[in-house]
Structure formats: C-alpha cells, structure tokens
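Student: Once you've had a glance at the structure underneath, I'll fire off some questions.
The values are calculated or read from the model by the stated rules, or taken from the named source; none is laboratory data. Model, not experiment: these values are computed from the prediction. Every residue, glycine among them, receives a Cβ derived from its backbone with ideal geometry; neighbour counts consider all protein chains shown. Keep in mind that these areas ignore ligands, DNA and RNA; they rest on the heavy atoms of the full protein, side chains included. Shrake-Rupley method; radii C 1.70, N 1.55, O 1.52, S 1.80 Å.
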Amino acid sequence: MIKFFTRNYSKSKLNVGDFNIIHDRAKKVISKVTNTGFHVQGLQIEGPIIVLNQQVILWDVPQYGVGGPKDDVEPLDKDVVCTDPSSPFYGWKTEMFNIFEKVEPKPELLLLGSGGAISSVPQPIKEYVNKLGIQIDVLNSRHASSTFNVLVEEGRNSALALLPYIPTSARTGKVLVEVQKKKPKDESEE
C-alpha cells in the first residue's frame, strides 16, 4: 500500500508500520530510476517519493517551482527558503520535511536525491533536518537510490527522499513540464 503525503496530517506520531510494502531487505528497495519515477520492489511509482521505515510515501513537493500542493510556487511567500528558479528546490519550505518530526524511530541519515544533477540543499532545510537529529546528504537520484539500497542491506536506519529527473506530479503521475527535444537535423540544411 502506498500512503499519500501532503503537509496536512495529524500532529500525533505516525505509525507507518501498518503500511509496510518493503518486505524483503535482501532485495534492492529501488531497482530502477526512470525519468519520471522509480521502481520500488516491483512497483512502478511516478513522481517524488520518500522511503522511510520500510514505507514508500508519495511526496507532494514542487520541483523547479512547478507542482506541489498549490500547483504553483509563490516565491515571495516569507516561508520559502529557496528562490532560485534553476534549483530543483525552488519554492521549498522547511515544512516539506515535517514528516520527520512525527515519525518514530527517526532515521539517522536522510539521502536526498535531487533529480538528474546534484544541487545544494538550501541551508534552512539542512539546519531544520539537522535539528531533528538527522544528517542530510544530497546526491543525484540514481546515486541516492544505490546508496540507500546498500544502507538497507547493512540494516542502517536511513531514509530516502527522491525527485524524478523530469518534474512529475505525485498526485497524478503526469509530467509537469514539457520537455524540449532536439529536432533532428534535416539533411537538406547541411
């Protein structure tokens, strides 16, 4: 079962044990990273996800300023910690990591896959996650997935938050931006 996550959830501690889909620690948790999502133990999931305490949670966050709970980023919102439109974290707020306040046990490490390239996580987000007692490392999504698989095999208490390479809605699984493709060169133009 997949649990859908938005920022509106109970203030009580989350017991995610009821939603266990990662049943075999010997298998790779993330077996494939696609342009728009991830394969999690045989299940194809489109859009951003969090893998936490053996659970996969759809993560409704903006990517490069598109998508998320409001479908549009308001960069002048005082709570926005990243106002750089070239960053995958554009429009993010620290509250996008509130789930880590509520969950028990807390992971010791959060691997954040920032899509196709490594991007610096905004300092306020890093400080917020660190205050919760969780170290945060940012990698591209493919390397974050591979590293997480190794940590799971070792039995380490870690979490994984992944953005797809192409911004994709966690709610609909649809691509949020039109990807520009190079037009093939016409032989007559040479």
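Student: What is the number of the single condition among (1) modelled with pLDDT of 85 or more; (2) within 23 Å of Arg142 (Cβ to Cβ); (3) not hydrophobic (A, V, I, L, M, F, W, C) that Pro105 does not meet?
Tutor: Unmet for Pro105, out of (1) modelled with pLDDT of 85 or more; (2) within 23 Å of Arg142 (Cβ to Cβ); (3) not hydrophobic (A, V, I, L, M, F, W, C): (2).
Student: Considering each residue of the stretch 114-138, count those that are under 17 Å from Phe38 (Cα atoms), surrounded by fewer than 17 Cβ atoms within 10 Å (Cβ to Cβ) and touching a helix residue (DSSP H, G or I) at 6+ places or on another chain (Cβ under 9 Å), and give that number.
Tutor: Total satisfying the criteria: 1.
Student: Working only within the stretch 147-171, note down all residues that are assigned to a helix (DSSP H, G or I) and either free of Cβ contacts under 8 Å to residues at least 40 places away in the same chain or within 18 Å of Met96 (Cβ to Cβ) (or both).
Tutor: Matches in the stretch 147-171: Thr147, Val150.
Student: Next question, about the same structure. Quick check: is even one residue across the stretch 45-62 small (Gly, Ala, Ser) and surrounded by fewer than 21 Cβ atoms within 10 Å (Cβ to Cβ)?
Tutor: Checking the stretch 45-62: not a single residue is small (Gly, Ala, Ser) and surrounded by fewer than 21 Cβ atoms within 10 Å (Cβ to Cβ).
Student: Condition first: assigned to a loop (DSSP other than H, G, I, E, B), within 13 Å of the chain's Cα centre (by Cα) and small (Gly, Ala, Ser). Now tell me which residues in the stretch 85-118 satisfy that.
Tutor: Gly115, Gly116, listed by residue number.
Student: Another question about this same structure. Taking Asn35 as meeting all but one of (1) modelled with pLDDT of 90 or more; (2) within 20 Å of Ser119 (Cβ to Cβ); (3) open to solvent by less than 30 Å² (accessible area, probe 1.4 Å), write down the number of the exception.
Tutor: (3)
Let's see how each residue does on (1) modelled with pLDDT under 90; (2) of a type in the set (D, E, K, R); (3) closer than 15 Å to Phe38 by Cα:
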{"residue": "Asn140", "(1), (2), (3)": "no, no, yes"}
{"residue": "Phe148", "(1), (2), (3)": "no, no, yes"}
{"residue": "Thr168", "(1), (2), (3)": "no, no, yes"}
{"residue": "Lys181", "(1), (2), (3)": "yes, yes, no"}
{"residue": "Pro184", "(1), (2), (3)": "yes, no, no"}
